[in-house]
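To keep things clear, I will list the structure first and then write my remarks on it.
The numbers here are math on the coordinates, done by the rules we state, and not lab data. No experiment lies behind these values; they were computed from the predicted model shown. No Cβ is skipped: glycine too gets one built from the backbone with ideal geometry, and neighbour counts run over all protein chains shown.
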Amino acid sequence: MNILMIEDNESVSEMMQMFFLNEGWEATFKYDGKEGLDTFLANPHFWDLITLDLNLPSMDGMIVAREIRKVSKTVPIIMLTARDSESDQVIGLEMGADDYVTKPFSPLTLIARIKALHRRMELVEKEGKVQEASDQEFDIETQFLKVNTKTREAYLNGKLIEGLTPKEFDLLYTLAKKPRQVFSREQLLELVWDYQYFGDERTVDAHIKKLRQKIEKVGPQVIQTVWGVGYKFDDSGVA
């Protein structure tokens, strides 16, 4: 795996380099936002994953993530941030990050997150290659929702839910596969992020918030909160 780590703290980079080498991964380290972006843009298809600090000299991590997403919608991005507010996390996800890790963090936690995200992306790629259904066939088709995993598109009441990130699509697909079944945050971390021991439940809440905002642009809310338990998909009340 080829990792691009954009991180202005050299001690953090040096620490992670040892762990990356132990996993057999190649890593390139950049300590400036613009320099990191330029490195990515020079060869966008080379990188398997990017870790991106939020506070960077020259160019903020949020802007770097947004510019990366203009070129690649799929390269996994894990944002590293010393901030711990929900608003910063949501903004990071909105700019295109797939996940975030709050500093200070354990190197083993970051390694586990990288592995989980990379496994998930490999699975998505394999499903896309083996699926032979036409673009007009849907893997999920309820009364009001249609989901096509080949095109990674979802329609509510015949209207496209626009701008879904890979994780938002995976969340919707996971919930909609079993309508009205309640999933705990822990279950969603395992099913969507492949986190079993290193998950942060706020990751689920932040993604659900953004997913709901995009759903509400085209129709009624179909992702319901079950207080004290988790979330479920239910379009039985959609008119």
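Structure notes:
- Remark on residue 32: its backbone amide H falls under 5 Å from those of 7, a criterion applied only to residues 5 or more positions apart or on other chains, H modelled at 1.01 Å from N.
- Over 31 Å (Cα to Cα) - which of 150/214; 103/217; 70/115; 34/146 fall in this group: 103/217; 34/146
- Between residue 66 and residue 209, the modelled label-to-label distance comes to 1.8 nm, taking each label 7 Å out from Cα in the direction of the beta carbon.
- Extension gain from residue 42 to residue 17, taking 0.36 nm per residue of separation minus the Cα-Cα distance: 6.8 nm
- Computed over the chain, the ratio Rg/Rh where both radii use C-alpha atoms and Rh is Kirkwood: 0.97
- Reciprocal mean inverse distance between Cα atoms of the stretch 134-239 - Kirkwood radius, Å: 13.9
- DSSP bridge pairs, the chain: antiparallel proportion in percent, nearest 5: 45
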